[in-house]
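The values are calculated or read from the model by the stated rules, or taken from the named source; none is laboratory data. Source: prediction; values computed, not measured. Because the Cβ atoms are built from the backbone with ideal geometry, glycine has one as well, and the counts that use them run over all protein chains shown.
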Amino acid sequence: MAIIVRLDKMMADRKMSLNELAERVGMSNVNLSNLKTGKMKGIRFETMNAICKVLECQPGDLFEYTKD
Amino acid sequence: MTDTISNKLKKRTFADTVITCLICAAALAASVWQLVCFLNGEGKAYITNAVYNLLIFAEMGLLSLILLEIRKTGKPFSKQIITKLRIMAVILFIGGIMPSYTDIRIDDKTEMVSFAFDAQNIIIIFIGIIIGIISEVFVYGLSLQEDNDLIA
C-alpha cells in the first residue's frame with residue numbers, strides 16, 4: 001500500500017518502547033505491532049487520537065504517502 | 001473485536017451454555033430411556049419418540065458446542081460455527097420431514113398404524129430453513145469481523 005506508517009520513527013524520537021506505548025494508548029501489544037508493521041487495514045480516529053496524545057504529534061507525523 | 005466486547009459476550013453466553021448443556025443431557029437421557037422401552041417391547045411409538053429425542057439431542061449438542069466456542073474465543077463468527085449452524089438446519093429439515101408414528105389398537109386382532117405429516121412438521125421444516133438463512137448471515141458477519149479485526 002502507498003501509505004507508510006511512521007510509528008517506529010516517532011517512537012524512536014521519543015525513546016518510547018512498543019509495550020509502553022501500547023499500555024498508555026490502551027491497545028494490545030499485538031495490535032500496535034501489527035499497526036507499526038503496516039499489517040492493519042485501517043486505524044480508528046479514536047486510536048489515532050490516543051497515539052497522537054501520547055506521542056504529542058500530529059496525525060500527519062504518523063503516516064506518509066508514497067507513490068506505488 | 002475489542003477485549004471488552006469479547007468479555008461481555010462471554011459473560012452473556014454463560015447462562016445459555018449451561019441451559020443448553022442441561023437440555024442436551026436431558027434429551028439424551030430421554031432418548032436412551034425411550035430406546036430401552038422399545039427394546040423391552042413396550043410399543044413401536046417409543047422408537048419414533050427416541051428418534052425425535054435424538055434429534056433434539058443433536059440440535060442442543062450443536063448449540064452447546066457453538067456457545068462453548070463463543071465462550072472460548074470471545075468471537076461470535078467463525079467457520080466452525082457456520083458449519084455447525086448448517087448441520088443444525090439439515091438435521092431440523094430431516095426431523096421435519098419425518099412423519100409422526102401412531103400405533104392404535106382397535107381390538108385384539110386389528111391394529112392400525114398411522115403416519116401423520118401435519119402443521120408441526122411444516123413448522124420444524126421452516127425453522128430449519130430459517131437457521132439455514134441465519135448461517136448465511138453469519139458468513140457475512142464473519143467477513144465483517146475479519147475486516148474489523150484488521151482495524152487498529
Hits in the range B:97-140 (condition: over 16 Å from the mean Cα position of the chain (by Cα) and more than 19 Å from B:ASN49 (Cα to Cα))
B:ILE106, B:ASP107, B:ASP108, B:LYS109, B:THR110, B:GLU111, B:GLU136, B:VAL137, B:PHE138, B:VAL139, B:TYR140
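Residues in the range B:6-24: is at least one among the aliphatic types (A, V, I, L, M) and farther than 20 Å from B:PRO76 by Cα?
As a first pass, look at the range B:6-24 and keep what is among the aliphatic types (A, V, I, L, M): B:9, B:15, B:18-19, B:22-23.
Narrowing the set further to residues that are farther than 20 Å from B:PRO76 by Cα leaves B:22-23.
Looking for residues that are among the aliphatic types (A, V, I, L, M) and farther than 20 Å from B:PRO76 by Cα, one finds at least one in the range B:6-24, hence yes.
Given the criterion modelled with pLDDT of 90 or more and within 30 Å of A:SER28 (Cβ to Cβ), identify the matching residue among B:LEU68, B:LEU9.
Of B:LEU68, B:LEU9, the one residue that is modelled with pLDDT of 90 or more and within 30 Å of A:SER28 (Cβ to Cβ) is B:LEU68.
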For the range A:11-68: of the residues being surrounded by fewer than 12 Cβ atoms within 10 Å (Cβ to Cβ) and among the basic types (Lys, Arg), which is nearest to B:ASP3 (Cα to Cα)?
A:ARG44
How many residues, within the range B:91-120, are modelled with pLDDT of 85 or more and surrounded by 13 or more Cβ atoms within 10 Å (Cβ to Cβ)?
6
Looking across the range A:38-55 at residues that are in contact (Cβ under 8 Å) with a residue 12 or more places away in the chain and out of contact with any Leu (no Cβ under 9 Å at 6 or more places or on another chain), the single one that is farthest from B:LEU150 (Cα to Cα) is A:ALA50
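Return the residue satisfying two criteria in turn: it lies in the range A:57-68 and is in contact (Cβ under 8 Å) with a residue 24 or more places away in the chain and of a type outside the set (A, V, I, L, M, F, W, C), and of such residues it is farthest from the other protein chains (Cβ to nearest Cβ). Give the steps one after another, and end with the answer.
Our first condition is that a residue be in contact (Cβ under 8 Å) with a residue 24 or more places away in the chain; within the range A:57-68, this holds for A:57, A:61-68.
Keeping just the survivors that are of a type outside the set (A, V, I, L, M, F, W, C) gives A:61, A:64-68.
On the way: A:ASP61: 16, A:GLU64: 17, A:TYR65: 18, A:THR66: 20, A:LYS67: 24, A:ASP68: 20 Å.
Going through the qualifying residues, I end up with A:LYS67.
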Out of B:LEU68, B:LEU85, B:LEU55, I need the residue that is surrounded by 14 or more Cβ atoms within 10 Å (Cβ to Cβ), more than 30 Å from B:LEU144 (Cα to Cα) and out of contact with any His (no Cβ under 9 Å at 6 or more places or on another chain). Which one?
B:LEU55
Among residues of the range A:34-45, those that are at the interface with another protein chain (Cβ under 10 Å from one of its Cβ atoms) and outside any loop (DSSP other than H, G, I, E, B), counted:
4
Provide a single number: the residues in the range A:8-25 that are more than 10 Å from every other protein chain (Cβ to nearest Cβ) and touching a residue at least 24 places away in the same chain (Cβ under 8 Å).
7
